[in-house]
1. How many nm is it between the label spots at B:GLU132 and A:LYS414, if each spot is 7 Å from the Cα in line with the beta carbon?
2. For the stretch A:136-276, what does the relative contact order come out to in percent, with C-alpha contacts under 8 Å and a separation of six or more?
3. Quote the relative contact order of the stretch A:86-143 in percent (integer), defining contacts as alpha-carbon pairs under 8 Å separated by 6+ residues.
4. Ignore the peptide's own chain and count Cβ atoms of other chains within 10 Å of each Cβ in B:380-387; give me the average, rounded.
5. Using the Cα gyration tensor of the stretch A:346-443, with a ≥ b ≥ c the square roots of its eigenvalues, what is the shape: rounded (a/c below 1.5), prolate (a/b larger than b/c) or oblate (neither)?
6. Cα centroid distance between the stretch B:288-306 and the stretch A:161-180, in Å?
7. What does the structure give for B:7-17 when I average, per residue, the other chain Cβ atoms found within 10 Å of the residue Cβ?
8. Looking only at the stretch A:15-333, where both bridge partners belong to it, what percent of the DSSP beta bridges are antiparallel (to the nearest 5)?
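The values are calculated or read from the model by the stated rules, or taken from the named source; none is laboratory data. Source: prediction; values computed, not measured. Here the Cβ positions follow ideal geometry from the backbone for every residue, glycine too, while neighbour counts run over all protein chains shown. Each accessible area value is taken on the protein alone, full model and side chains, heavy atoms only, with ligands, DNA and RNA left out. Shrake-Rupley method; radii C 1.70, N 1.55, O 1.52, S 1.80 Å.
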2 protein chains.
Amino acid sequence: MAKIAAVKGTRDFYPEQMAVRNWIMEGWRQAGLRNGYVEYDGPIFEHLRLFTEKSGEEIADQLFFFTDRGGRALALRPEITPTLARMVNEQINSLARPIKWFSVPRLFRAEKPQRGRLREFFQWNVDVIGSEDILADAECIYTAIDYLRSVGLSSKDVVVKISSRKVLAALLKDLGFAEDGLEEVYVLLDKRPKLPREAFDEMAAEQIKDQALRNRLKEMLQRLQPEASEDSLSKLKVLAPEAVQADIVSFSDLFYYLELMGVADYCEFDINIVRGLAYYTGPVYEIYDRREPLRAVCGGGRYDDLLAGLGGQEVPATGFGMGDVVLELMLKERGLLGGAAQGLDFFVIDAGRELFSFSREDKDRCVLAVVSRLREKGFSAAFDYKRQPLGKQLKQAAAQKARWAVILGDETIKEGKVNVKNMAQGGQRTVGLEEFLSRPGETVK
Amino acid sequence: MAKIAAVKGTRDFYPEQMAVRNWIMEGWRQAGLRNGYVEYDGPIFEHLRLFTEKSGEEIADQLFFFTDRGGRALALRPEITPTLARMVNEQINSLARPIKWFSVPRLFRAEKPQRGRLREFFQWNVDVIGSEDILADAECIYTAIDYLRSVGLSSKDVVVKISSRKVLAALLKDLGFAEDGLEEVYVLLDKRPKLPREAFDEMAAEQIKDQALRNRLKEMLQRLQPEASEDSLSKLKVLAPEAVQADIVSFSDLFYYLELMGVADYCEFDINIVRGLAYYTGPVYEIYDRREPLRAVCGGGRYDDLLAGLGGQEVPATGFGMGDVVLELMLKERGLLGGAAQGLDFFVIDAGRELFSFSREDKDRCVLAVVSRLREKGFSAAFDYKRQPLGKQLKQAAAQKARWAVILGDETIKEGKVNVKNMAQGGQRTVGLEEFLSRPGETVK
């Protein structure tokens with residue numbers, strides 16, 4: 001039969017790619033723990049309704065869904081926040097607050113695969129549930145920066161663009177938008193940076209029928225457009241009408257906390273950040289590659305209504321997601337990608353004639369016994385199935401990046417001795433087999 | 001709206017369960033690396049055909065399948081072996097052999113959830129591709145035992161029951177079964193241990209119409225039935241007809257290698273082991289809980305035809321899978337389950353009046369700055385969002401299992417000093433803030 005290919009938009013993780021994936025995931029985990037979060041995870045699929053209920057159209061359009069044998073409508077998770085909300089709702093009375101949790105879920109979106117966007121990907125999710133304090137938002141943003149900094153991305157490489165749906169809502173209402181029309185405007189604004197100007201104008205004209213209102217919106221956006229040389233948060237304070245000032249004061253605290261945490265140089269206010277998901281209620285942010293203004297590696301914000309919206313109590317919440325695909329691209333371009341494969345500790349080589357037979361009389365001195373005892377002590381060890389000449393076995397040891405080759409030969413049988421060869425430096429010494437096996441780590445120091 | 005529940009047969013991993021899952025996965029990973037395998041992974045879903053083609057009916061009946069927007073038939077992976085075969089086929093000419101790979105995939109089966117069987121689970125998969133030597137089978141079995149032993153399961157807890165499809169095929173053909181009728185018999189035999197005697201007889205009568213043949217099969221199975229007090233491999237040698245002896249010799253090597261590797265006490269020959277999957281061709285084995293004879297934690301075997309069957313070259317292969325659900329049950333029952341949550345390194349407490357304001361003049365000495373600097377140095381650190389009285393903050397520190405509490409107070413501002421309290425032993429010392437921050441690990445030694 002013909003070969004069956006992988007599904008488009010998915011990835012095969014050969015050992016080399018797997019090592020990179022593990023390196024990214026481990027970095028995320030360490031940053032999560034370092035910042036005082038604990039890890040959780042949920043199922044890969046949930047009842048379809050969990051995702052269609054509160055996340056908004058963009059997500060619903062991108063779901064992989066199916067029915068089980070009982071006819072239940074299920075979907076592969078496109079994000080983990082609804083699962084997080086469901087899990088926290090389930091145990092809200094027994095969980096100590098604030099609930100600081102992180103996860104590194106595998107997620108799925110049925111969109112057209114393109115550079116930086118796949119149908120299957122990983123995302124680091126970091127959330128604080130149970131605190132309405134903007135300190136929690138600051139700590140989430142700090143955590144994202146802490147990770148990016150730990151892998152070598154400075155404030156010259158990435159920028160956290162921060163806005164506030166609360167401030168934006170106040171501004172929009174001040175312009176004359178109705179409360180129940182805001183979500184439509186958010187969706188429109190979220191698409192703005194990705195659209196050519198004409199396409200945006202057309203879409204805006206279609207969604208905002210009132211021309212005067214539309215013009216006021218455009219004018220406001222233009223006035224608040226961030227420019228490199230100035231402090232756009234101060235500009236917001238100056239330009240914003242009185243009705244919005246109270247929300248701006250609280251929003252300013254966020255920047256102040258980030259300054260105290262020592263990461264102000266990574267952060268800036270940007271009115272254009274809205275986020276596509278329907279459930280955000282407060283600060284929202286996206287982290288961009290400074291070299292590619294449309295490339296976001298991370299996005300998040302406050303979603304105080306989601307838990308109640310999914311049948312729980314009113315519990316404030318905030319958090320972000322950082323995807324692996326764009327992150328890997330960014331790190332690779334900058335030569336910052338880690339995850340080089342680890343080699344073996346020992347490769348055990350059979351250079352004696354007798355040993356090839358694995359004879360029972362010498363069973364404690366044969367390759368299989370020596371390899372097994374090394375593994376039992378926690379060292380990684382391998383050997384050659386083919387039992388080839390010494391030179392070929394040494395090549396195998398090198399190919400598997402073994403740090404030490406342990407050479408068994410006739411003198412192993414006769415005198416109980418082995419040769420231990422340092423594969424990197426080339427030195428070699430003869431040592432008693434039992435002495436070596438009782439403390440392999442000491443012997444090769 | 002009403003709460004939406006998790007899908008039946010899936011698991012929520014709250015932090016406590018997640019720690020256990022991570023402990024199991026990390027143990028698997030370490031055992032894989034220790035035995036000279038490297039890690040890989042594939043996508044969660046594949047083209048449906050990849051699974052229906054060669055795995056046999058049992059798997060095909062348990063698939064979660066769906067179509068994507070292009071109308072392609074996809075399925076969630078119920079096992080990773082077909083993906084492994086696909087990936088290796090793809091790069092067969094550039095991969096050095098033997099290919100020793102492991103993976104810890106998340107898998108899915110649309111079966112009725114019950115104790116020890118869920119619809120979503122993890123499985124450690126360990127495979128050697130490119131060696132027809134039975135040493136490779138021995139090393140896979142050793143690797144499974146190496147892990148089980150490392151978590152405290154002795155040969156009194158678990159037993160590896162080993163048989164050979166090659167030997168069984170020779171025995172069956174000697175009884176009079178046709179080559180193309182063997183697979184049906186395998187499926188039947190695989191179900192035998194799980195069925196009441198009458199049900200099995202009924203099923204046998206249905207599938208093997210020839211009564212004489214059926215009786216010969218039953219008689220053979222009875223004669224080879226393993227009994228505690230004897231060496232059933234020797235019994236096989238004595239009882240088996242001449243035509244089967246050659247296959248038995250090679251099969252015996254497997255037990256010899258396992259003896260040399262020091263794990264003979266875990267292993268025994270058992271004619272009842274067949275395995276449900278269609279693609280096995282040589283040695284097959286399952287690892288059972290000795291306390292519960294029907295509870296298997298691991299299964300595997302040789303599948304020399306699968307890669308060619310999926311469009312690749314003829315390449316021999318062997319390996320096993322070990323599931324997390326039964327493993328966790330077994331470990332829990334024996335009190336061997338690890339994965340206790342790690343606590344924080346530092347909890348930074350704010351005991352000073354001035355510090356509550358996070359005032360800009362003292363910004364390098366405030367809680368946020370101290371926490372951030374600890375994290376920057378790689379230590380895990382947290383603080384209290386609510387900025388409560390000292391006693392309450394100390395309780396938070398204890399609740400988060402912090403090893404050290406770092407207490408900032410008025411003297412931190414005035415004299416640049418902090419108190420560092422050992423949370424376990426209760427001791428406390430005063431130290432300069434800068435001295436502490438420059439080497440936090442040393443200070444608390």
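1. So the two model labels end up 3.7 nm from each other.
2. 49 percent
3. It comes to 33 percent, rounded to a whole number.
4. The mean count of partner-chain Cβ atoms within 10 Å per residue comes to 5.
5. rounded
6. So the two Cα centres are separated by 61 Å.
7. Per residue, the average neighbour count from other chains is 6.
8. Looking only at bridges with both residues in the stretch A:15-333, the antiparallel portion is about 90 percent.
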